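Trainee: Let me give you the structure first, and then I'll get to my questions.
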Amino acid sequence: MLAKFEVTNFKNFDKPLTLDLTKTNAYEFNKDCVTKGIVNKALIYGHNGIGKSNLGFAIFDLIKHLTDKNSSSFEYSNYFNASNGCSIAKFEYTFKFSENTVYYKYGKTDSESLVYEKIYINDKEYASIDRQVNTIASINAEGAENLKRDIGESKISIVTYIKKNSVLEENADNNCFFQFISFVNSMLFFRSLEQNNYIGLQQGKGQIGADIIENGNINNFEKFLNNAGVKCKLKAIEGNERQIIAFDFNGKLIPFYDVASQGTRSLALFYYWYQRLRENSTVTFLFVDEFDAFYHHSLSALIVKMLRKINAQVIITTHNTSIMTNDLLRPDCYFLINEEGIRSLANRTVKDLREAHNIEKMYKAGAFSG
């Protein structure tokens, strides 16, 4: 799991911003929201323009150079903080896999150009390179002894270089290295605003309605919509090139997207991704941006409950304070981001928060402004 992340000089993050998911409390409720001392289900609050979306883009920056997954280049066009004079954006990640720790840091001059990289496994340097000094890499992975250390003008990540060009020996550090690579390759960012924007893992076939039909989930999708308050009957009908979903109004069939509201379309998008977020999903880390922009509060709560059931580590951004409740998560799983940084509710007050507390009411009264 992702345990800690820090970013500097990327988009609106001038100074270092640190998201620490290990500062948890010993709450006796909603224990499944924390795994081995790391938050695995989190909601992030913050006003418009403060950086909730940019935090997701920052976390997913490594998708570009460590994987062949979708990296949504448009979102990385304005790369640096406008007021920071430094020409390097800096990223630091700490991952925990069972008892093992991976610390990975790097700097870039744009979304594709790595300046330096360092990866440590269990506090030991596994590999590093600093192109500001030379093109010689330091590689300490067992099984990579014969790898050429001078990688020349190549922009390849040192992590990718080792992965693609060596047969590593079977040992704890190398196994942890591959766990790290596998985790990153299965990360997913998506947002439900206007269109289907995503970064990272893609397992669908592109067309939302057709994908639901081809996965045999149209009846389940109908049940999902009804549970969400959209009372309807659905049916698959022939479209121009393939089958599409239609509303069945007492025998009159109308294509789904001809009459679906923005909120219902947003639900269809969520369901499209949720198909691949169930128990057999390979998704390891999920970041959902503004997930409930078109939902009423009871529907937002339903979606959070659904996401709590998946195996992936989940971070959600929202403005909806009605779901800031101990009935859904717990105070160390709700985070506030502002000009001072990002911290959980539990770490923004000296008060001993308890399950019975109305944390939304406390939030509105300014109890977590410190």
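What follows is calculated from the coordinates using simple rules that are stated; it is not laboratory data. Only a predicted model underlies this, so the values are computations on that prediction, with no experimental measurement involved. Using ideal geometry, Cβ is built from the backbone for each residue, glycine included, and neighbour counts are taken over all protein chains shown.
Trainee: Quickly work out the residue 26-to-residue 112 label distance, labels modelled 7 Å from Cα along the C-beta direction, and quote it in nm with one decimal.
Mentor: The two pseudo-label positions are separated by 5.3 nm.
Trainee: Report the Cα-based extents of the range 208-268 along its three principal axes, largest first, to the nearest Å.
Mentor: So the three principal-axis extents are 30, 24, 20 Å.
Trainee: Another one. Which stretch or stretches of the range 162-186 have amide N atoms under 16 Å from the point lying 7 Å from residue 282's Cα along the Cα→Cβ direction?
Mentor: Answer for this model: 178-186.
Trainee: Kindly identify the range 123-175 as rounded, prolate or oblate by the Cα gyration tensor criterion: order the square roots of the eigenvalues as a ≥ b ≥ c, call it rounded if a/c is under 1.5, otherwise compare a/b with b/c, prolate if a/b is larger, else oblate.
Mentor: It is prolate, given that a/c is not under 1.5 and a/b is the larger ratio.
Trainee: Give me the distance in nm between label points sitting 7 Å out from Cα along the Cα-to-Cβ direction at residue 145 and residue 83, one decimal.
Mentor: So the two model labels end up 5.4 nm from each other.
Trainee: Please give, to one decimal in nm, the separation of the simple spin-label points placed at residue 237 and residue 163, each 7 Å out from Cα toward the Cβ.
Mentor: Rounded to a tenth, the inter-label distance reads 4.5 nm.
Trainee: I've got another one for you. Taking only DSSP H segments of four or more residues, each worth -39500 (n - 2.57), what value at 222 nm results for the chain once the sum is divided by all its residues, to the nearest 500 deg cm²/dmol?
Mentor: That calculation yields -6500 deg cm²/dmol at 222 nm.
Trainee: Go through (i) 22.2, 72; (ii) 24.8, 87; (iii) 23.5, 85 and flag the label whose value is the computed Rg and Dmax of the Cα atoms in Å for this structure.
Mentor: (i)
Trainee: So, one more: Provide the net charge surrounding residue 330, with neighbours chosen by a C-beta distance below 12 Å and charges set as Lys +1, Arg +1, Asp -1, Glu -1.
Mentor: -1
Trainee: For the range 94-195, just list the percent of Cα-Cα distances falling in each 10 Å bin from zero outward, please.
Mentor: Distribution as computed: 14, 45, 30, 9, 3, 0 percent.
Trainee: Sticking with this one: Taking 0.36 nm per residue of sequence separation and subtracting the Cα-Cα distance, how much length would be gained by fully extending the chain between residue 309 and residue 178, in nm to one decimal?
Mentor: 44.6 nm
Trainee: Then there's this: Out of all Cα-Cα pairs in the range 291-370, roughly what percent, to the nearest whole number, are more than 19 Å apart?
Mentor: 37
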